[in-house]
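Undergrad: Sharing a structure, written as structure tokens. Questions coming.
The values are calculated or read from the model by the stated rules, or taken from the named source; none is laboratory data. None of the values given here were measured: they were computed from a predicted structure. Note: ideal-geometry Cβ built from the backbone for every residue, glycine included; neighbour counts use all protein chains shown. The area values use the complete protein model at the heavy-atom level, side chains included, leaving out ligands, DNA and RNA. Shrake-Rupley method; radii C 1.70, N 1.55, O 1.52, S 1.80 Å.
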2 protein chains.
Amino acid sequence: MKRLKETILNKGSVVGEDILKVDSFLNHQLDIDLLNAIGKEFKERLKDKKINKILTIEASGIAIAAITAQYFNVPVVFAKKVQSKNLDKETYKTEVFSFTKGRTYDVRVSKKYLSKGDKVLILDDFLAKGAAAMGLIDLVNKAGAEVSGVGIVIEKGFQEGGQLLRDQGVNLHSLAILDKFIDGKIRFID
Amino acid sequence: MKRLKETILNKGSVVGEDILKVDSFLNHQLDIDLLNAIGKEFKERLKDKKINKILTIEASGIAIAAITAQYFNVPVVFAKKVQSKNLDKETYKTEVFSFTKGRTYDVRVSKKYLSKGDKVLILDDFLAKGAAAMGLIDLVNKAGAEVSGVGIVIEKGFQEGGQLLRDQGVNLHSLAILDKFIDGKIRFID
């Protein structure tokens, strides 16, 4: 997606060997106009799928999912990382290992909001080693629902998540795929 | 706001003395159509203000802020509760006491995304004792920016947050104000 790649080149910055900072437009400050372009792009790529729900994970996925849901006319469900006393006791639960935090945490969705027969689009901002995406797929499977697609804004093509999902036959759409950073430079894989 | 109140009456549920569960449409599953109506309503109420930024706090505020931002044509910044290695070191920081979690946590915004001269609309899903809203106001003040308004979807009128903000002269807009629950029934204050 050309506009996204241009924004990444203009406003993203590389930190160390494997971090791309995009906090000026994607995960701290949000460029709502760009999010709309992203939502339209996901719809265009998945227009033949009968998606009836979008699933994401707090917090960075929520804005992408909410804006994109306008193009699909479906509700969003965001999986929760923290146990809240306002969350139902009856939940689907999976474990996700966070490489940035070095620990495993539980991710939950109330059983009320994922059901057998649902055709689910999973959305997230980044795909790196695939832990969060695999966790969300696990939640959908536990509910007996179907993963119609996985939409990712930025895939780190030099980490294994994308390959892992494609090898499993997941209908993966990454709008920008990063190649390995060399000398701190951002390049994309076509 | 009539539609919001109807949705709360039809889909909300009271738990104990002071919890209103709205997870079917506002903070776990998201009714995007309702969020658009909410965004339009905030714009209508604040159309005379020259707002150039919306500030919220992760996670439940993000969807409301992202959808509402479309009507103001401004970026969103969401304050972070968790220290992330992707967050800048230069941040404005405030402390917020969580009554549901019984502890104080730090809330941060990168100094890059709140500046002197910004006219900020603060948005959140709930206003109860006012801790989160006061924290966000503190961040705006620390940046030398101006709070043009605080927009709340559901105010618990039987807790002190609303009064606290109004007493300070904050331009507060709560779209639904809950009266004390009696026998588990939901009623609104006009």
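Undergrad: Which distances in nm, rounded to one decimal and ordered from shortest, link the label point of A:Phe158 to the equivalent label points in the other identical copies, with labels set 7 Å from Cα toward Cβ?
TA: Here the equivalent label points are 5.7 nm apart from this one.
Undergrad: Where in chain B lies the longest segment free of GluC sites (Glu not before Pro) that are both loop residues by DSSP (not H, G, I, E, B) and have at most 11 other Cβ atoms within 10 Å? Please report the intermediate quantities before stating the final value.
TA: Details: sites that count: B:Glu17, B:Glu90.
Here the longest run is B:91-190.
Undergrad: Next question, about the same structure. Which value, in Å², gives the accessible area per residue of chain A when a 1.4 Å probe is used on the protein heavy atoms? Spell out each step's value before the answer.
TA: Working: 8350 Å² over 190 residues.
Heavy-atom SASA per residue in chain A reads 44 Å².
Undergrad: Mean residue ellipticity at 222 nm from the helices of chain B, using -39,500 (n - 2.57) per DSSP H segment of n ≥ 4 over the full residue count, to the nearest 500 deg cm²/dmol? Working shown, then result.
TA: On the way: 5 runs with 55 residues, N = 190.
Theoretical 222 nm ellipticity from helices: -9000 deg cm²/dmol.
Undergrad: Charges only on Cβ, +1 for Lys and Arg, -1 for Asp and Glu: so what's the dipole of region B:51-121 about the Cα centre, in debye to the nearest 20?
TA: 180 debye
Undergrad: Using only the alpha-carbon atoms of the protein assembly as shown, report the extent along each of the three principal axes, biggest first, to the nearest angstrom.
TA: 56, 48, 36
Undergrad: Still on this structure: If one takes the accessible area of chain B alone plus chain A alone and subtracts that of the pair, with a 1.4 Å probe, what total in Å², rounded to the nearest 100, results? Could the numbers behind the result be given before it?
TA: Values: alone 9910 and 9900 Å², together 16690 Å².
In total, this chain pair buries about 3100 Å².
Undergrad: Sort shortest first the distances from A:Lys40 to its counterpart in every other copy, using label points 7 Å along the Cα-to-beta-carbon line, and give them in nm.
TA: 2.1
Undergrad: Trypsin sites (Lys or Arg not before Pro) within region B:1-83: which are DSSP loop residues with at most 11 other Cβ atoms inside 10 Å?
TA: Answer in residue order: B:Lys47, B:Lys50.
Undergrad: For region B:143-190, which trypsin sites (Lys or Arg not before Pro) pass both filters: DSSP loop (anything but H, G, I, E, B) and at most 14 other C-beta atoms within 10 Å? Spell out each step's value before the answer.
TA: Working: sites: B:Lys156, B:Arg166, B:Lys180, B:Lys185, B:Arg187; in loops: B:Lys180, B:Arg187.
Sites meeting the loop and neighbour criteria: B:Lys180, B:Arg187.
Undergrad: Please give me the summed charge of the neighbours of A:Leu139: other residues whose Cβ is under 15 Å from its Cβ, Lys and Arg +1, Asp and Glu -1. Could the numbers behind the result be given before it?
TA: Details: positive: A:Lys53, A:Lys80, A:Lys81, A:Lys93, A:Arg108, A:Lys111, A:Lys112, A:Lys116, A:Lys119, A:Lys142; negative: A:Glu58, A:Asp88, A:Glu90, A:Glu95, A:Asp106, A:Asp118, A:Asp124, A:Asp138, A:Glu146.
Taking every Cβ under 15 Å from that of A:Leu139, the sum is +1.
Undergrad: What nm distances, shortest first, do you get from the label point of A:Thr100 to those in the other copies when the point sits 7 angstrom along Cα to Cβ?
TA: So the label point of A:Thr100 gives 2.2 nm to the other copies.
Undergrad: Between helix B:131-142 and chain B, what is the angle of the helix's C-alpha long axis to the longest principal axis, kept within 0 to 90° and rounded to the nearest 10?
TA: So the inclination is approximately 20 degrees.
Undergrad: Also, quick follow-up: Where q = 0.14, 0.15 Å⁻¹, what log10 of I(q)/I(0) comes from the Debye formula for region A:63-190, counting one point per Cα?
TA: Log-scaled intensity ratios, in q order: -0.66, -0.75.
Undergrad: Using Stokes-Einstein with the Kirkwood hydrodynamic radius over Cα pairs, what translational diffusion coefficient do you get for region B:84-153 at 20 °C and a viscosity of 1.002 mPa s, in µm²/s rounded to a whole number? Mind dumping the intermediate values first?
TA: Values: Rh = 12.8 Å.
Roughly 168 µm²/s, to the nearest whole number.
Undergrad: Right, another one. What's the tally of Lys pairs in region B:110-184 whose alpha-carbon atoms lie under 28 angstrom apart, where the two lysines are 8 or more places apart or on different chains?
TA: 14
Undergrad: Which chymotrypsin sites (Phe, Trp or Tyr not before Pro) in region B:104-190 sit in a loop by DSSP (not H, G, I, E or B) and have at most 16 other Cβ atoms within 10 Å of their own Cβ? Could you put the intermediate results ahead of the total?
TA: Values: sites: B:Tyr105, B:Tyr113, B:Phe126, B:Phe158, B:Phe181, B:Phe188; in loops: B:Phe158, B:Phe181.
Answer in residue order: B:Phe158.
Undergrad: Need one number: nm distance between label points at B:Thr104 and B:Phe188, each 7 Å from Cα along Cα→Cβ, rounded to one decimal.
TA: 3.7 nm
Undergrad: Taking 0.36 nm per residue of separation and subtracting the Cα-Cα distance, what length does fully extending B:Asp88 through B:Asp33 add?
TA: Details: separation 55, 0.36 × 55 = 19.80 nm, distance 3.44 nm.
Extending this stretch completely gives an extra 16.4 nm.
Undergrad: Starting from 0 in steps of 10 Å, tell me what percent of the Cα-Cα pairs of region A:1-119 lands in each bin.
TA: 12, 34, 35, 18, 1
Undergrad: Also: Could you work out how far apart the two model spin labels at A:Lys119 and B:Lys116 are, taking each label as a point 7 Å from the Cα in the direction of the beta carbon, and quote it in nm?
TA: Going from the A:Lys119 label point to the B:Lys116 one covers 5.6 nm.
Undergrad: Based only on the alpha carbon positions, what is the Kirkwood hydrodynamic radius of region B:39-89, in angstrom?
TA: Hydrodynamic radius (Kirkwood, Cα only) of region B:39-89 equals 11.9 Å.
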